[in-house]
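Just so you know, all these numbers are worked out from the coordinates, no wet-lab data involved. Because the structure is a prediction, the values reported are computed rather than measured. Cβ coordinates were reconstructed from backbone atoms using ideal geometry, including for glycine residues, and neighbour counts include every protein chain displayed.
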Amino acid sequence: MPAAALLVAATALLPREAGWAAVLALVIGLGVPHGALDGEVAKPFLAPRFGRAWFPVFAAPYLALTAAVLMAWRWAPDLTLAGFLALSVLHFGSEDAGPGRPAEALVRGGLPIALPALVRPDETARIFAVVTHTAMPVLPDWWTLPAWAWLVLASAWLCLRRPPFETLAELAGLSLAFLVLPPLSAFGLYFVCLHAPRHMRSLADDPARAPAVDGMGRAVVLALPIFGLTLLIGLLLWPTYPQANGVERLLALTLQGLAALTVPHWLLDRWVEGRLRAGDDRGTAPAPSR
Ligand SMILES: CC1=C(/C=C/C(C)=C/C=C/C(C)=C/C=O)C(C)(C)CCC1
Ligand SMILES: [Fe+2]
């Protein structure tokens, strides 16, 4: 992990476009696989009921949602971006804070979305002009104003809650990253070094969710097939992106694709969370093969 952190931070030394390409390669190669474990999360719920058909039952609605979001990027880019950012705060926050801590989730999940808007608004606008393929000379108010609100909330939370040292250290380190690194590099650092491993570790450590994922090594191996499929879909979509320059196209495809995958990724997480809390009787079904 420290090696990955150094690698992501080093992308800040490259010229802008080369830096983008390097961060995106790391985000794809080291960050996206955590979502590829969604099959393992869904399998114990679906396999007992659908047998070997569990995979199409899982993948069809997942991919339909993904496709819908990819189309939404073209029809309503601003609205889709706003929805993506809001969803990211929720998704990042619930992974960082754990269940049942809404204020902490908003503070921690909001950091990677609010800080770049406050610290590097121009570079952030430039990135999302490419992603949405629209003119975005300045960052829209609907992003900047909630970012200020986040700052107020985060300050109040820090004063009132006095979080434990590890949380403080993480918030401080991450803030420093967003202050000194280009925003895409800082995001890459958060995504690759905190979000993705945290998600994989929580699956590996939780015997109720994704029981086949019983260690980090196993997590990586089990993620590979769906990760490969994701890359293949990305490759097929590549020619449909209008950006002329390859790096800009990679930026748009990666970020639009992340948004599109995050919708089913987040819904699945909510659904499984709900089922586990409701005490689903999965134990009566034969254990999944593997
Ligand atoms: C690209 C980028 C940003 C936003 C990234 C987002 C919102 C990613 C969400 C990913 C998710 C939710 C993945 C799920 O596992 C920032 C940091 C605002 C500014 C710098 C560039
Ligand atoms: Fe995630």
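Looking only at Ala149, Ala21, Ala125, which one moves most when the chain is put into a Gaussian network model with springs between Cα atoms under 10 Å?
Greatest mean-square fluctuation among the candidates belongs to Ala149.
Just subtract the alpha-carbon distance of Leu14 and Ala172 from 0.36 nm times their residue separation and send over the number in nm, one decimal.
Details: separation 158, 0.36 × 158 = 56.88 nm, distance 2.46 nm.
Between Leu14 and Ala172, full extension yields an extra 54.4 nm.
Taking only Cα atoms, what is the 0 to 90° angle, nearest 10, from helix 196-205's long axis to the longest principal axis of the chain?
20
So how far apart, in nm, are the two label points at Leu229 and Trp148 if each is 7 Å from Cα heading toward Cβ?
4.6
Less than 12 Å Cβ to Cβ from Ala117, Lys/Arg counted +1 and Asp/Glu -1: what total charge do the surrounding residues give?
On the way: positive: Arg120; negative: Asp122, Glu123, Asp141.
Surrounding charge for Ala117 is -2.
Please give the length that would be gained between Arg161 and Arg270 if that part of the chain were fully extended, namely 0.36 nm times their separation in residues minus their C-alpha to C-alpha distance (nm, one decimal).
Working: separation 109, 0.36 × 109 = 39.24 nm, distance 2.62 nm.
So the chain would gain 36.6 nm between Arg161 and Arg270.
Excluding Trp143 itself, calculate the net charge of residues whose Cβ lies under 15 Å from the Cβ of Trp143, where each Lys or Arg counts +1 and each Asp or Glu counts -1. If you can, show how the numbers build up before the last one.
On the way: positive: Arg120, Arg126; negative: Asp78, Asp122, Glu123, Asp141.
So the surrounding residues net to -2.
Taking R0 as 25 Å, what FRET efficiency do you get between Arg74 and Ala25 from their Cβ-Cβ distance, rounded to the nearest 0.05? Mind dumping the intermediate values first?
Working: r = 25 Å, r/R0 = 0.99.
Calculated value: 0.50.
Grab the DSSP H runs of the chain that are 4 residues or longer, score each as -39,500 (n - 2.57), total them, divide by all residues and round the 222 nm result to the nearest 500 deg cm²/dmol. If you can, show how the numbers build up before the last one.
Details: 13 runs with 215 residues, N = 290.
The helix-only estimate for the chain comes to -24500 deg cm²/dmol at 222 nm.
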